[in-house]
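Below you'll find the structure, written out as structure tokens, and then a few comments.
The values are calculated or read from the model by the stated rules, or taken from the named source; none is laboratory data. Please read all numbers here as calculations on a predicted model, not as lab measurements. As a convention, Cβ positions derive from the backbone with ideal geometry for all residues, glycine included, and neighbour counts pool all protein chains shown. When the accessible area is computed, the model is the full protein with side chains, heavy atoms only, and any ligands, DNA or RNA have been set aside. Shrake-Rupley method; radii C 1.70, N 1.55, O 1.52, S 1.80 Å.
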Amino acid sequence: MMETIYCCFLVKLEVNVFGYHGKLMVVDLNTESWYLDDIQEDVFSRFLGGVGLGAYLLYRYSKPNTDPLDPANPLIFACSPLVGSRLTTSSKFAVVTKSPLTNLIGDSLSSSFLATALKGSGCDALIINGKATSTKVLKISQDGVEFLPGSNLKGISTLETEKRLKEKFGRFFRIACIGPAGENLVKFASITNDGGRQAARTGPGAVMGSKNLKAIAVRGNHPIPVFDQNSLENIGQNLTKKSLGPATEKYRTLGTIANVSVFNRLGVLPTLNFQQSTFEQADEISGESISDSHLISNAHCANCTIGCERILTTNDSKEVTKSRMEYESLFALGPLLGISDPNIIIRAASFCDLVGMDSISAGVSIAWAVETFEKGLISLDETDGITLKFNDEKTLMFLLELISKRQGIGNLLAEGTRIASQKIGKGSEQWAMHVKGLEMPGYEPRNLKTMALALTVSTRGACHNRASAYEADFSANVDRTTSGPDRGMIVKESEDFSAVIDSLIWCKFLRKAFDDFYEESSEIFYRVTGIKMTANELKRSGERINNIRKMFNIREGWTRSDDALPSRVTSEVLPTGVSKGVGLSVSELNQMIDSYYYARGWSKDGNIPSKKIDELGLSDIM
């Protein structure tokens, strides 16, 4: 088969601002062609980069009501203005598309050298449209864009895919790829890069798979101009020092797996498909216990001084398996399924990374299936004669493999809990733990009322990363077991704060290293780009970004009824432990939703008034 090469050469680009190239690369897999489009300077000052730039481009380049797995759904990789600055934690990128899980906006973040390679290719974002006629690899370099055959990579793991492409193209190429889950259109499939880091939530890997695109290989050497390098170096040295201080100690010592013991003690650790909020065997999988017996090394993302990642290994008599481990994977493959053996969790997490799928959605979907089976709503025939049980390695690994292959009951679970429960029916929707189709993360909402509101109203569904509202619940200023009218403003401000972090892009683990986040970030933004922006203007950008996300969702059919928690949360109180008797009623939740809409300046049904759209400078986009 002949390969198609378009060697127009990415030339040095003239831009009016620093920190950006002012260019967007648009690739069409149907015609195997590409072109560079201009991005105006005001787009950067309004949407910054990352998830903000991605949301703007998705609204502009997608047609209303496009099916997420249709070739017309754009897959967008958006860079950050801070990439290339060498500031700590700044080498991140966003993947934005219409989510196959939610049919609303989907975005994921990942940290890796792919971010610097993509920015170095001479563009600030990459949009991939269309569908290749056969499996392809997209190669982007100083020589242009090449559409190469990728059929020989079909069915192999993400790790093996990256290895083979690096052997072929050279070790300086950075790879983003999908595994079998993405190829098989598992709706929570991830995009893997840099040896196992994942852009996982909301299913971007399924969108990539729907385009017959196995991998993207990028190498870029374009210089990324900085407005005031000398000042930036001084700022960077100070920030590095802060990143090694008490504000990040938790992440540098145990990492996020430290959450297990803390959450269990506070009664907010979801267990057995959110039937309980404490786990009797939590000590066996606590960050302290796992570090003592399974930790082999810490790992750093590109340009990161914190090093939060923990690389674990199995230590039983079976084949040795290694895996990165974060709290969310540990929760979803452990307590949520009643599993307390670290070896099982490590193997399951490794499997998810190798096949390329979101471990949160995988674990929550399996937890729903086990409970549904226990209640007699799924038969042995439907599970190939396997009895589904909590605290069972065979159940977990059996279902993970079936999901990745879309075989048997795995074909149902690959749709996610919302669609799976709708197809089974018989009341199983009550314990399908999702919001808007995105599976719930490891925070018990009945005992974290501010977080409950954030999960409910998030534009991408049940998300712990697009608002750090749990910080309010864990503070001394808020009673996390009760609701109140102040929660709306807390969530609104938390979302806007997160939108700025995720658009500049900083790692959220650095957030407490700033004395005044908006003041310091606006100064850094100026030193990088030459664009003057006050702290209030930067804060306003966060509000603008969250509103354009909501505008996209409204355009795609969102209504207020979509802002809701699973029936289990609003109809069942917590049965055991320190949280016994705590619940969250529908009326409580609706009052908090009202307060959130009010804080945002939206109507009572959650729509955005034209006055607010004009106020945020978004009317030209509609």
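Considering each of 199, 189, 206, 181 in turn, give the residue that is closer than 21 Å to residue 124 by Cβ and under 18 Å from the mean Cα position of the chain (by Cα).
Exactly one of 199, 189, 206, 181 is closer than 21 Å to residue 124 by Cβ and under 18 Å from the mean Cα position of the chain (by Cα), namely 199.
What number of residues within segment 384-407 are farther than 28 Å from residue 316 by Cα and surrounded by 18 or more Cβ atoms within 10 Å (Cβ to Cβ)?
Qualifying residue count, segment 384-407: 1.
Test of understanding: among 187, 168, 163, which residue is open to solvent by 20 Å² or more (accessible area, probe 1.4 Å), in a loop (DSSP other than H, G, I, E, B) and modelled with pLDDT of 95 or more?
187
So residue 341 clears everything in (1) over 30 Å from residue 87 (Cα atoms); (2) crowded, with 17+ Cβ neighbours inside 10 Å; (3) not small (Gly, Ala, Ser) except one condition, right? Which one?
That leaves (2) as the condition not met.
Looking only at segment 320-330, count every residue that is in a helix (DSSP H, G or I) and either open to solvent by 60 Å² or more (accessible area, probe 1.4 Å) or within 30 Å of residue 237 (Cα to Cα) (or both) and tell me the total.
Qualifying residue count for the region: 1.
Of all residues in segment 219-244, count the ones that are touching a helix residue (DSSP H, G or I) at 6+ places or on another chain (Cβ under 7 Å) and more than 22 Å from residue 113 (Cβ to Cβ).
Counting residues in segment 219-244 that are touching a helix residue (DSSP H, G or I) at 6+ places or on another chain (Cβ under 7 Å) and more than 22 Å from residue 113 (Cβ to Cβ) gives 5.
Limited to segment 109-134, what total is found for residues that are closer than 26 Å to residue 434 by Cβ and open to solvent by less than 10 Å² (accessible area, probe 1.4 Å)?
1
Quickly run through segment 351-365 and pick out the residues that are of a type in the set (A, V, I, L, M, F, W, C), open to solvent by less than 10 Å² (accessible area, probe 1.4 Å) and farther than 14 Å from residue 441 by Cα.
Hits for segment 351-365 are 352, 357.
Of the conditions (1) modelled with pLDDT of 95 or more; (2) under 22 Å from residue 544 (Cβ atoms), residue 590 clears all except one; give me its number.
Among (1) modelled with pLDDT of 95 or more; (2) under 22 Å from residue 544 (Cβ atoms), residue 590 violates only (2).
When segment 363-387 is examined, which residues are found to be part of a helix (DSSP H, G or I) and either of a type in the set (D, E, K, R) or touching a strand residue (DSSP E or B) at 6+ places or on another chain (Cβ under 6 Å) (or both)?
Of everything in segment 363-387, those that are part of a helix (DSSP H, G or I) and either of a type in the set (D, E, K, R) or touching a strand residue (DSSP E or B) at 6+ places or on another chain (Cβ under 6 Å) (or both) turn out to be 364, 371, 374, 381, 382.
Please verify whether residue 501 is touching a residue at least 24 places away in the same chain (Cβ under 8 Å) and open to solvent by less than 10 Å² (accessible area, probe 1.4 Å), treating the condition exactly as stated.
Criteria not met by residue 501.
At least 3 residues that are at pLDDT 95 or above and open to solvent by 10 Å² or more (accessible area, probe 1.4 Å) in each: list the helices (runs of 4 or more DSSP H) lying fully within segment 414-494 that qualify.
Helices (runs of 4 or more DSSP H) meeting the threshold: 417-424.
Scanning segment 49-63 for residues that are out of contact with any Gly (no Cβ under 9 Å at 6 or more places or on another chain) and in a loop (DSSP other than H, G, I, E, B), which turns out nearest to residue 191 (Cα to Cα)?
62
Please go through segment 44-56 and pick out each residue that is touching a Phe, Trp or Tyr at 6+ places or on another chain (Cβ under 9 Å) and open to solvent by less than 10 Å² (accessible area, probe 1.4 Å).
Matches in segment 44-56: 44, 47, 48, 49, 50, 53, 54, 55.
Looking at segment 595-622, I want the residues that are under 16 Å from residue 56 (Cβ atoms) and in contact (Cβ under 8 Å) with a residue 60 or more places away in the chain and have a partner that is of a type in the set (Asp, Glu) and surrounded by 11 or more Cβ atoms within 10 Å (Cβ to Cβ) with Cβ atoms under 9 Å, at least 6 apart or on another chain. Which pairs are those?
What qualifies is 616/543; 617/42.
Would you check which residues across segment 505-548 are surrounded by fewer than 22 Cβ atoms within 10 Å (Cβ to Cβ), in contact (Cβ under 8 Å) with a residue 60 or more places away in the chain and of a type in the set (Ser, Thr, Tyr) and list them?
Once the filter is applied, which keeps residues that are surrounded by fewer than 22 Cβ atoms within 10 Å (Cβ to Cβ), in contact (Cβ under 8 Å) with a residue 60 or more places away in the chain and of a type in the set (Ser, Thr, Tyr), segment 505-548 yields only 526.
Based on what the data block shows, is residue 240 among the hydroxyl-bearing types (Ser, Thr, Tyr) and either crowded, with 21+ Cβ neighbours inside 10 Å or touching a residue at least 60 places away in the same chain (Cβ under 8 Å) (or both)?
Judged against the criteria, residue 240 is a match.
Could you tell me whether segment 195-213 includes any residue that is open to solvent by 50 Å² or more (accessible area, probe 1.4 Å), in a helix (DSSP H, G or I) and under 24 Å from residue 360 (Cα atoms)?
Checked against the condition, which is being open to solvent by 50 Å² or more (accessible area, probe 1.4 Å), in a helix (DSSP H, G or I) and under 24 Å from residue 360 (Cα atoms), segment 195-213 yields no hits at all.
When you check residue 381 against the structure, is it open to solvent by 10 Å² or more (accessible area, probe 1.4 Å) and touching a residue at least 40 places away in the same chain (Cβ under 8 Å), yes or no?
no
Tell me the helices (runs of 4 or more DSSP H) entirely within segment 249-319 that contain at least 1 residues that are modelled with pLDDT of 95 or more and crowded, with 19+ Cβ neighbours inside 10 Å.
Here the list reads 259-266, 287-294.
Mind checking which residues of segment 469-498 are out of contact with any Asp or Glu (no Cβ under 6 Å at 6 or more places or on another chain), among the hydroxyl-bearing types (Ser, Thr, Tyr) and touching a residue at least 60 places away in the same chain (Cβ under 8 Å)?
The one that is out of contact with any Asp or Glu (no Cβ under 6 Å at 6 or more places or on another chain), among the hydroxyl-bearing types (Ser, Thr, Tyr) and touching a residue at least 60 places away in the same chain (Cβ under 8 Å): 481.
Taking the criterion of being in a loop (DSSP other than H, G, I, E, B) and touching a strand residue (DSSP E or B) at 6+ places or on another chain (Cβ under 9 Å), would at least one residue in segment 224-239 satisfy it?
No, because not a single residue in segment 224-239 is in a loop (DSSP other than H, G, I, E, B) and touching a strand residue (DSSP E or B) at 6+ places or on another chain (Cβ under 9 Å).
Take segment 60-108 and flag every residue that is surrounded by fewer than 24 Cβ atoms within 10 Å (Cβ to Cβ) and under 13 Å from the mean Cα position of the chain (by Cα).
If the condition is that a residue be surrounded by fewer than 24 Cβ atoms within 10 Å (Cβ to Cβ) and under 13 Å from the mean Cα position of the chain (by Cα), then no residue fits.
Would you pick out the residues in segment 561-612 that are in a loop (DSSP other than H, G, I, E, B) and within 19 Å of residue 434 (Cα to Cα)?
563, 564, 565, 566, 572, 573, 574, 583, 584, 585
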